[in-house]
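Read the structure below first, then the notes.
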Amino acid sequence: MHSPLRHLGALAWKRRPIQLTFFVTRRCNANCPFCFYLQSSAPAPPPGAELDLDEIDRLTRSLGSLLWLAFSGGEVFLRREIGEITRRFYERNRPAVMLYPTNGMLPESIRDSVERIVAECPRSVVLVKLSLDGVGAAHDALRATPGSFEKALECCGMLAPLLARYPNFELGINTVFCAQNQDRMDEIIDFVAGLPGPVTHTISLARGQLRDPSYLELDIGKYRSAAERLAGRLRAGASPMHRFRGAGLKAAQDILQRRLISDTWRARRRLVPCYAGRLNLVLTETGEVFPCETLPSSLGNVRDHGYDLRRLLRAPAAREACRAIAAGACHCTHECNFITNILFNPRLYPALASEYLRLDRP
Ligand code: SF4
């Protein structure tokens, strides 16, 4: 497996991205009112505007090795070349972990794509996260997508057998915590714990500009309770951990992260430094590059910089944006950024170590 330890240098030098989120498409076959991406004011790109394979191949040459590559969308598996796209990154950037969130609406084609990817990329952990925001009809209602609960379960059932066949495959569930399901988190957590697996479970706090802002009327105390319930299961060894090296550390980071997220939400300001733009980058399907998913100003488009991300990041506008971020002008609760903001901040190591020592590890 590609070792995460290759990135220890980023502790001292935060000079190049090691975590990339790539929105491969805006197309989606669900209709979730809490999707910050599809509800954003950016117009849908015309057909043919998505970066093609050749363009993706060129931009992978300008990225070094990656710790974490997260595909996103839209529905990731609607991008027919997702296997080919993965292979470009796998060969050039050797990610330790590759993440594929999905709504599970296309079980057979998702299973076929995932099996191809895990077989072709044995040195990366391939983490597929199915969305499950409620149990039964509650999930369909929340996502405004009839039949989506049954499809997600069918997909989970089709993917689970791959766990025994591929040690680099990991199956997880992600639940968006929002006003509409915050009273039902115990039920959801218990339901996920009973799925065929092992299946990991994470929760994400609803965020961003939404078509229906009522989803953001959160009771952060309820988020904290759900986070504690998940932490208790991890500490007791009742929940599976990740399948990559350093899984205990990642479990400790997950626990600490949820605490920091609720503290940040309450304080409404940034509580720890953010490495967006330096360790993390976001790339859209049309080649726009952002420091994170929250800030609206693009650092530039790879098409205007010869598909060279390093050149794009050296441009004055990008440098100025990264300086403003480092100065602490913004805040958010986005989980992806908290991963690096915790793991690459030595000041948080005492808290991380304390969580690590509380885990009941084999
Ligand atoms: S704190 Fe949040 S909004 Fe600000 S740069 Fe970091 S990830 Fe983006």
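The values are calculated or read from the model by the stated rules, or taken from the named source; none is laboratory data. In this text the structure is predicted, and so the values were computed from the model without any measurement. When we count neighbours, we look across all protein chains shown, and the Cβ atoms used for this are built from the backbone with ideal geometry, even at glycine. These area figures cover heavy atoms from the full protein model, side chains too; ligands, DNA and RNA do not enter into them. Shrake-Rupley method; radii C 1.70, N 1.55, O 1.52, S 1.80 Å.
For the stretch 6-31, a residue qualifies if it is out of contact with any Asp or Glu (no Cβ under 8 Å at 6 or more places or on another chain), closer than 19 Å to PHE71 by Cβ and in a loop (DSSP other than H, G, I, E, B), and the qualifying residues are PRO17, ILE18. Within the stretch 324-355, the residues that satisfy the criterion of being within 23 Å of GLN209 (Cβ to Cβ), open to solvent by 30 Å² or more (accessible area, probe 1.4 Å) and either assigned to a loop (DSSP other than H, G, I, E, B) or touching a Pro at 6+ places or on another chain (Cβ under 9 Å) (or both) are GLY328, ALA329, CYS330, HIS331, CYS332. Would you mind stating whether ASP183 is in a helix (DSSP H, G or I), on the phi < 0 side of the Ramachandran plot and of a type in the set (D, E, K, R)? Considered against the rule, which asks whether it is in a helix (DSSP H, G or I), on the phi < 0 side of the Ramachandran plot and of a type in the set (D, E, K, R), ASP183 comes out as no. Considering every residue within the stretch 277-292, establish whether at least one is β-branched (Val, Ile, Thr), within 15 Å of the ligand (Cβ to nearest atom) and free of Cβ contacts under 8 Å to residues at least 40 places away in the same chain. Yes - at least one qualifying residue is present in the stretch 277-292. If a residue must be assigned to a helix (DSSP H, G or I) and either in contact (Cβ under 8 Å) with a residue 40 or more places away in the chain or over 22 Å from the mean Cα position of the chain (by Cα) (or both), how many such residues does the stretch 141-152 contain? So the count comes out to 7. Note on the stretch 276-318: residues that are among the small types (Gly, Ala, Ser), over 13 Å from THR21 (Cα atoms) and either in a loop (DSSP other than H, G, I, E, B) or open to solvent by 20 Å² or more (accessible area, probe 1.4 Å) (or both) total 5.
In the stretch 337-361, the residues that are over 14 Å from ASP254 (Cβ atoms) form no Cβ pair under 6 Å with any partner that is assigned to a helix (DSSP H, G or I) and at pLDDT 95 or above, whether six or more places apart or across chains.
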